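Here the structure is laid out as structure tokens; the discussion comes afterwards.
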Amino acid sequence: MSRRFFAKLEPWLFLAPALFLLVVYLIYPAIHTFILSFFDKFGMHFVGLRNYTWALHDPEFLQSIRNNLLWLIVAPLASIVLGFVVAALADNVRWGTLAKSLIFMPMAISFVGASVIWKFVYDFRAEGQNQIGVLNALVVALGGEPRAWITIPFWNNLFLIIILVWMQTGFAVVMFSAAIRGVPDELLEAARIDGANEVQVFIRVVLPQIWGTILVVWTTFTVDVLKVFDIVIAMTNGQWDTNVLANMMYNWMFRGGGDFGRGSMLATVIMIAVLPIMLWNIRRFRAEEDYR
Amino acid sequence: MTTKAQTMAGAADKAASGTSSFNLSLGWWITRISLALIVIAWTIPTFGLFISSLRDKDQLAITGWWTALQTSVGTEQGRTGEADAQVETNGQYVLTGSIFGEGSTKSIRTYGGGFLPSSGTVEYGQGEQPGIRDYAPGELVTLEDGSTFVLESNGTYTYTSPTPFDFDRGRRFFMETQIPPTFTLANYQEIFRAESVDQSFINTFTVVIPATIIPIAIAAFASYAFTWMEFPGRRFLFYIVVALIVVPLQMALIPLLRLYNTVGLSKGYPGIWLAHTGFGLPLAIYLLRNYIGSLPRELIESAKIDGASHFQIFTRLVLPLSVPALASFAIFQFLWVWNDLLVALVFLGKTPDQIVLTSKLRELLGSRADNWEILTSSAFVSIIVPVLVFFALQRYFVRGLLAGSVKGG
């Protein structure tokens with residue numbers, strides 16, 4: 001083997017295992033899923049857009065889309081706002097690092113583990129009995145009526161969203177903490193000398209500087225939310241109008257012996273929702289490479 | 001006045017933290033109190049789970065975990081022993097025993113009702129067991145037939161009569177009992193014994209360790225090639241890696257399920273190791289390339305001039321220097337695989353030798369939905385390892401997060 005030939009071959013030897021696995025586990029399946037979404041439940045016969053038109057008339061699908069939209073709006077927004085508040089507050093307090101660690105900790109917990117934790121918080125006993133769930137105990141202590149929170153349509157979605165917010169706010173805190181620390185001090189001083197108060201400094205100086213970080217956090221959360229599955233399957237399995245696309249997809253994979261057509265269609269819908277973020281990530285990456 | 005206090009507080013904070021970055025100077029107390037409230041709200045759910053997992057299961061079912069340190073009061077019925085347990089001493093017939101089982105920590109607050117005559121001094125409201133508060137522990141009760149009964153606070157009773165006892169079932173009465181706060185590992189013993197959560201714990205480890213190591217090894221080679229080797233299509237291939245980071249797993253499951261069924265990889269450990277490797281690779285390559293790319297170019301160039309091959313540079317120079325980045329990704333992948341439910345549900349079986357903790361927990365949520373002692377302790381077993389890993393290696397984890405999300409803007 002000539003030396004020049006080897007030099008050409010060598011990079012591919014380094015890359016081969018990774019490329020092989022990426023093709024087998026992500027690229028080929030993704031393309032195949034897209035194709036299967038136009039086939040019947042066994043993946044045998046081409047049915048055109050029938051799976052998609054079925055979805056448009058399926059109440060469960062429409063419900064899932066509505067719920068996913070609610071998740072998409074509320075979960076990232078709540079986490080980002082809270083993340084900001086904590087990052088700003090913690091930087092001013094000596095035990096701020098400890099506080100951040102504790103808020104960050106749920107990120108290490110599984111969605112199912114978190115679901116057990118919160119199901120216990122939301123536990124409901126009939127009125128007059130001792131409430132053993134923290135939320136109902138608080139409500140009763142304040143003179144309210146105990147409720148079975150996760151069975152109240154619409155609102156139960158928010159109780160599930162709280163679990164995700166609880167888990168991912170730590171990420172926002174870490175990102176914003178680092179970003180805020182990265183704002184040049186001279187800029188802040190200059191604004192203060194010009195007579196800006198802290199709120200003005202925040203809106204006029206800090207916010208524009210960390211805008212990029214906010215977008216990164218937002219897109220990360222958006223992708224996470226679209227894939228949310230564990231919380232729903234563990235808390236309600238889609239009952240009481242809480243279904244989401246990812247859980248519905250999982251159900252159709254196995255329901256009635258498994259409907260690969262509908263399952264693939266649902267996966268494709270999730271993929272389409274992620275697509276803009278994927279393209280944006282590539283663009284951002286290219287810009288950064290050019291800058292390098 | 002307020003402004004001045006705020007400024008002073010702000011100055012003190014800056015002196016304390018040694019930086020003069022931006023801060024929301026809301027005032028000393030407001031800052032601390034709001035942060036403390038958020039931290040409390042964030043920790044209470046996990047804390048409650050932990051405390052509950054250590055409580056007696058009967059107490060857990062009826063009282064909130066925040067009362068775990070209080071003595072709880074319960075209403076119970078008691079029964080004397082049967083007549084054939086009586087002993088004759090000095091012309092008296094005596095029946096003795098303990099109302100509570102061996103090793104009980106309960107004590108009697110009051111007793112009465114049932115076969116015991118009313119003392120007539122205590123009034124009872126609706127829903128109360130009449131007579132239950134008639135007598136204090138140790139108080140001797142004399143019945144109409146001349147027999148006497150006394151119940152001590154530790155639950156031992158003495159029932160004495162001049163004539164032989166003659167009844168089939170033990171005689172019934174009521175009592176208010178006190179249960180002192182008790183903490184126990186019984187719930188954990190129960191989930192290991194009856195639910196084989198310990199086996200699931202081992203299964204999870206069996207999945208996690210190879211599923212963490214394999215992708216790191218493969219990604220390290222690939223990232224080196226992407227950073228320090230020239231080949232056609234390098235940029236384009238890397239864009240694909242970046243794109244794949246966000247592809248939802250759902251997009252891969254159905255074809256892989258079919259593929260696994262044909263090649264016989266389904267419901268087994270090698271299949272899930274490879275699946276986690278494939279799914280984890282894009283982020284691994286991306287993170288490692290970012291890091292390897294930040295190593296000084298001169299270092300690599302001078303090694304090349306000294307005649308080192310790529311393989312030598314990679315193993316002797318780049319890998320040792322990349323330990324922090326490898327550690328960051330290892331933690332990510334460890335946490336991700338440990339906490340994964342979806343991949344485990346699709347690629348592993350639910351038999352005892354394969355079911356992982358997350359999958360087990362989900363099953364228990366269905367089958368033991370009302371047994372909080374089972375759920376809280378199982379959940380705690382499933383979260384303790386990642387939480388410890390997280391606290392021990394937080395520094396690497398945070399570094400990885402910051403690097404993985406691309407410095408925006």
note = Computed over chain B: longest principal axis from alpha-carbon atoms vs helix B:394-404 long axis, angle to nearest 10 degrees, is 50 degrees
inquiry  = Using helices alone, I'd like the mean residue ellipticity at 222 nm for chain B: each DSSP H run of four-plus residues gives -39500 (n - 2.57), total over residue count, nearest 500.
reply    = -17000 deg cm²/dmol
request  = Give the relative contact order (percent, whole number) for chain A; include only Cα pairs under 8 Å separated by 6+ residues.
outcome  = 26 percent
ask   = To the nearest 20 debye, what is the magnitude of the charge dipole of region B:130-266 about its Cα centre, counting +1 on the Cβ of each Lys and Arg and -1 on the Cβ of each Asp and Glu?
value = 1280 debye
request  = Measure off, as a whole percent, the carbon and sulfur share of the 1.4 Å-probe accessible area of chain A, all protein chains present.
outcome  = 67 percent
query = On average, how much accessible surface per residue is there in chain B, in Å², for a 1.4 Å probe, leaving out ligands, DNA and RNA?
reply = 46 Å²
task = Can you tell me the 0 to 90 degree angle between the C-alpha axis of helix B:372-392 and the longest principal axis of chain B, rounded to 10?
result = 30 degrees
query = When the helices in chain A are scored as -39500 (n - 2.57) per DSSP H run of 4 or longer and the sum is shared across all residues, what 222 nm value do you end up with, to the nearest 500 deg cm²/dmol?
reply = -22500 deg cm²/dmol
request  = Using the charge dipole of the protein assembly as shown (Lys, Arg: +1 at Cβ; Asp, Glu: -1 at Cβ; taken about the Cα centre), state which of B:TYR269, A:GLY144, B:LEU54 has its Cα farthest towards the positive end.
outcome  = B:TYR269
query = Which Cα, out of B:GLN129, B:GLN92, B:VAL150, lies furthest along the positive dipole direction of region B:51-152 (beta carbon charges, K/R +1, D/E -1)?
reply = B:GLN129
inquiry  = For Cα pairs less than 8 Å apart in space and 6+ apart in sequence, what is the mean separation divided by the residue count of chain B, i.e. the relative contact order in percent?
reply    = 19 percent
task = Using Cα pairs closer than 8 Å and at least 6 residues apart in sequence, work out the relative contact order for region A:147-292, in percent.
result = 22 percent
remark   = So the angle from the long Cα axis of helix B:197-228 to the longest Cα principal axis of chain B, reported in degrees to the nearest 10, equals 10 degrees
remark   = Losing no less than 50 Å² of accessible area (probe 1.4 Å) relative to the isolated chain, the residues of region B:197-225 are B:ILE218
request  = Taking the Cα centre of region B:72-179 as origin, sum charge times position over the Cβ atoms of Lys and Arg (+1) and Asp and Glu (-1), and report the length of that vector in debye to the nearest 20.
outcome  = 260 debye
Estimated distance in nm for a label pair at B:ILE62 and A:VAL139, the labels positioned 7 Å out from Cα along Cα-to-Cβ = 2.4 nm
request  = Compute the distance in nm between two label points, each set 7 Å from the Cα along the Cα-to-Cβ direction, one at A:ASP290 and one at B:GLN92.
outcome  = 10.3 nm
query = So if we plug the beta-carbon distance of B:ALA369 and B:THR262 into 1/(1 + (r/R0)^6) with R0 = 35 Å, what FRET efficiency do we get, rounded to 0.05?
reply = 0.40
note = A student applying the Cα gyration tensor rule (rounded when a/c is under 1.5; otherwise prolate if a/b is larger than b/c, oblate if not) would label region A:129-281 oblate
query = To the nearest 10 Å², what's A:MET271's accessible area with a 1.4 Å probe?
reply = 20 Å²
ask   = Roughly speaking, what is the centre-to-centre gap between region B:337-397 and region B:224-264 when only Cα atoms are used, to the nearest Å?
value = 28 Å
ask   = Dipole size in debye (nearest 20) for region B:188-404 around its Cα centre, Lys and Arg Cβ +1, Asp and Glu Cβ -1?
value = 480 debye
ask   = With heavy atoms of protein chains only and a 1.4 Å probe, what residues of region B:357-387 have at least 30 Å² less accessible area in the full set of chains than alone?
value = B:LEU361, B:ARG362, B:LEU365, B:TRP372, B:ILE383, B:VAL387
ask   = What's the local net charge at B:ASP58, with K and R +1, D and E -1, over the other residues with C-beta under 14 Å away?
value = -2
message = Please report the carbon-and-sulfur percent of the accessible area for chain B; probe 1.4 Å, protein heavy atoms only, DNA, RNA and ligands left out.
response = 59 percent
task = Please work out whether chain A counts as rounded, prolate or oblate from its C-alpha gyration tensor, where a ≥ b ≥ c are the square roots of the eigenvalues and a/c under 1.5 means rounded, while otherwise a/b larger than b/c means prolate and anything else oblate?
result = oblate
Tensor-based shape of region B:27-69 (alpha-carbon gyration tensor, a/c under 1.5 rounded, otherwise prolate or oblate) = prolate
ask   = How big is the gap, in Å, between the Cα center of region B:46-61 and the Cα center of region B:83-112?
value = 32 Å
request  = Indicate the residues belonging to region B:63-107 that lose 10 Å² or more of solvent-accessible heavy-atom surface (probe 1.4 Å) upon moving from the chain alone to the assembly of all protein chains, ignoring ligands and nucleic acids.
outcome  = B:THR63, B:GLY64, B:TRP65, B:TRP66
note = Averaged per residue, the 1.4 Å probe accessible area of region A:1-100, protein heavy atoms only, in Å², is roughly 55 Å²
message = Can you find, among A:THR268, A:PRO11, B:GLY349, the residue sitting farthest towards the positive end of the charge dipole of the protein assembly as shown, where Lys and Arg contribute +1 and Asp and Glu -1 at Cβ?
response = A:PRO11
key: Inter-site label distance for B:THR148 and B:PHE183 at 7 Å from Cα along Cβ, in nm   = 4.4 nm
inquiry  = Students sometimes get this wrong: rank B:ARG32, B:ARG133 by accessible area, probe 1.4 Å, all chains present, largest first.
reply    = B:ARG133, B:ARG32
ask   = With solvent modelled as a 1.4 Å probe, how much accessible area in total do chains A and B shield from it at their shared surface, in Å² to the nearest 100?
value = 9900 Å²
note = So the FRET efficiency between A:ASP185 and B:ILE44, C-beta based with R0 = 35 Å and rounded to 0.05, is 0.45
message = Could you tell me how far the Cα centroid of region B:301-331 sits from the Cα centroid of region A:160-207, in Å?
response = 37 Å
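The values are calculated or read from the model by the stated rules, or taken from the named source; none is laboratory data. Remember, it's a predicted structure, so these values are computed and weren't measured experimentally. All Cβ positions, even for glycine, are placed from backbone atoms using ideal geometry, and neighbour counts span all protein chains on display. To get the accessible areas, we keep the full protein, side chains included, count just its heavy atoms, and leave off ligands, DNA and RNA. Shrake-Rupley method; radii C 1.70, N 1.55, O 1.52, S 1.80 Å.
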